[in-house]
1. I'm trying to understand the selection: among the residues of the stretch 199-210, which are closer than 22 Å to ASN96 by Cβ and not in a loop (DSSP other than H, G, I, E, B)?
2. Looking at the stretch 271-316, which of the residues that are surrounded by fewer than 24 Cβ atoms within 10 Å (Cβ to Cβ) and among the β-branched types (Val, Ile, Thr) is nearest to the chain's Cα centre (by Cα)?
3. Looking only at the stretch 102-125, count every residue that is in a strand (DSSP E or B), surrounded by fewer than 21 Cβ atoms within 10 Å (Cβ to Cβ) and either over 18 Å from the mean Cα position of the chain (by Cα) or of a type in the set (S, T, N, Q) (or both) and tell me the total.
4. Only one of (1) within 20 Å of the chain's Cα centre (by Cα); (2) assigned to a loop (DSSP other than H, G, I, E, B) fails for GLY196. Which number is that?
5. Between residues in the stretch 304-323 that are farther than 15 Å from ASN260 by Cα and modelled with pLDDT of 95 or more and residues that are of a type in the set (Lys, Arg) and buried (at least 24 other Cβ atoms within 10 Å of the Cβ), which pairs lie under 9 Å by C-beta distance while being six or more apart or on different chains?
6. Of all the residues that make up the stretch 165-190, how many are at pLDDT 95 or above, of a type outside the set (Asp, Glu) and not in a helix (DSSP H, G or I)?
7. Here is a list of conditions, (1) outside any helix (DSSP H, G or I); (2) touching a residue at least 60 places away in the same chain (Cβ under 8 Å), and ALA131 meets all of them except one; can you say which number that is?
8. Might you let me know whether the stretch 319-327 holds any residue that is more than 20 Å from LYS117 (Cα to Cα) and either in contact with a Lys or Arg (Cβ under 7 Å, 6 or more places away or on another chain) or surrounded by 22 or more Cβ atoms within 10 Å (Cβ to Cβ) (or both)?
Amino acid sequence: MQPSLDKSLSFRFANSDKSTLITEVYTFYPFTEKLACDRIMSTMRVLNFGSMNLDHVYRVDTFIRPGETKAALDLTHHAGGKGLNQSIALARAGLNVYHAGKVGREPEAGLLVDTLKRSGVNIDNIDISEAPTGHTIIQVDNSGANCILLFPGANTDIDEPFIERVLSNFESGDILLLQNEISGIGSIMRRAASRGMNIVMNPSPFDAKIQSYPMELVNILVVNEIESEGLSGEPNPERAALLLGQRFPNTKIVLTLGVNGSICIEKGKAIHQKAYPVQAVDTTAAGDTFMGYFLAGLAEGMTNPQAMDLASRAAAICVTRPGAAESIPYRAELRDPAVLRAFRE
């Protein structure tokens, strides 16, 4: 039996102990017990074909301006990359995640693989490249806002033999998650669609290459204001989301708006979700946390509003902490009584 929640996600039954997962979802959202069991007894595999970067994070009072030289207040090093962050968010939200990608031969690259492994992400599809490991230089100011300079390195060494080898391990009903920090994305999308995989796309960072991707193959498209304008040509976020919904009528469109919450467009219907007010320390992984928890919510049988609310709560916790991967909360934290009280206030 292979139940289908909607056109975006399909699931396969597997023989395993479901009691923990059923309790977890049932206690957080008041589904009937039968509905919770029907949804969570199904399991899925998520393949995140994505980037891994060493993040060099500089704390500054204000962002550096052109021609300016200034001293940073602090420097820390972290595991990062949108791909790595989203794999960790998915795993910490409770999904079965496989990460695929490449790192260089530097000893520091071990931090990336170890970080994924410690969060419960399968690392069997990570390979070694002769190119340097991808890295970023991130400025974080006193308000928690950030700006990022990216060197892709090994993330752009994704060739056809590697793509085919990775995808040969997956099948119809599995989920493919993509960002825009690796090479070979168009080929990955076409090959995955031919296998019957469901494609979730976060086209970040946005650049001209995205317009050449077969976006009509995407089942769920998650964008921020910059990406929605780049894809639609419309600067107004809500109108941009509606235009994307018209352009891709078979795709669920999710637009994240930072402190202004998020919008989901599906079949012409718009759903708005507020952002939970918190004192932000670092917003670097907020969007990645939202993505991971939103997809996990849908996988568990939540409606769009429920999954958006879950993702917003997770993102709110994330931004109260410094760093990228290490700031992503575990699912149990969202059920902590003190956290639940804070969200109700």
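The values are calculated or read from the model by the stated rules, or taken from the named source; none is laboratory data. This structure is a prediction, so every number in the text was calculated from the model and none was measured. Neighbour counts run over all protein chains shown; Cβ positions are idealised from the backbone, glycine included.
1. At the first step, the residues of the stretch 199-210 found to be closer than 22 Å to ASN96 by Cβ are 199-202.
Of everything in the stretch 199-210, those that are closer than 22 Å to ASN96 by Cβ and not in a loop (DSSP other than H, G, I, E, B) turn out to be ILE199, VAL200, MET201.
2. The extreme case among them is THR283.
3. Keep residues of the stretch 102-125 that are in a strand (DSSP E or B), which gives 102-103, 122-125.
Those still in the list that are surrounded by fewer than 21 Cβ atoms within 10 Å (Cβ to Cβ) too: 122-125.
This time we only want the ones that are either over 18 Å from the mean Cα position of the chain (by Cα) or of a type in the set (S, T, N, Q) (or both), so: 122, 124-125.
Matching residues across the stretch 102-125 total 3.
4. (1)
5. Here the result reads ALA314/ARG92, each pair linking the stretch 304-323 to a residue that is of a type in the set (Lys, Arg) and buried (at least 24 other Cβ atoms within 10 Å of the Cβ).
6. Counting residues in the stretch 165-190 that are at pLDDT 95 or above, of a type outside the set (Asp, Glu) and not in a helix (DSSP H, G or I) gives 13.
7. Of (1) outside any helix (DSSP H, G or I); (2) touching a residue at least 60 places away in the same chain (Cβ under 8 Å), only one is false for ALA131: (2).
8. Start the filter on the stretch 319-327 by keeping residues that are more than 20 Å from LYS117 (Cα to Cα), which leaves 319-322.
Then keep just the ones that are either in contact with a Lys or Arg (Cβ under 7 Å, 6 or more places away or on another chain) or surrounded by 22 or more Cβ atoms within 10 Å (Cβ to Cβ) (or both); that gives 319.
Yes, there is a match, as at least one residue in the stretch 319-327 is more than 20 Å from LYS117 (Cα to Cα) and either in contact with a Lys or Arg (Cβ under 7 Å, 6 or more places away or on another chain) or surrounded by 22 or more Cβ atoms within 10 Å (Cβ to Cβ) (or both).
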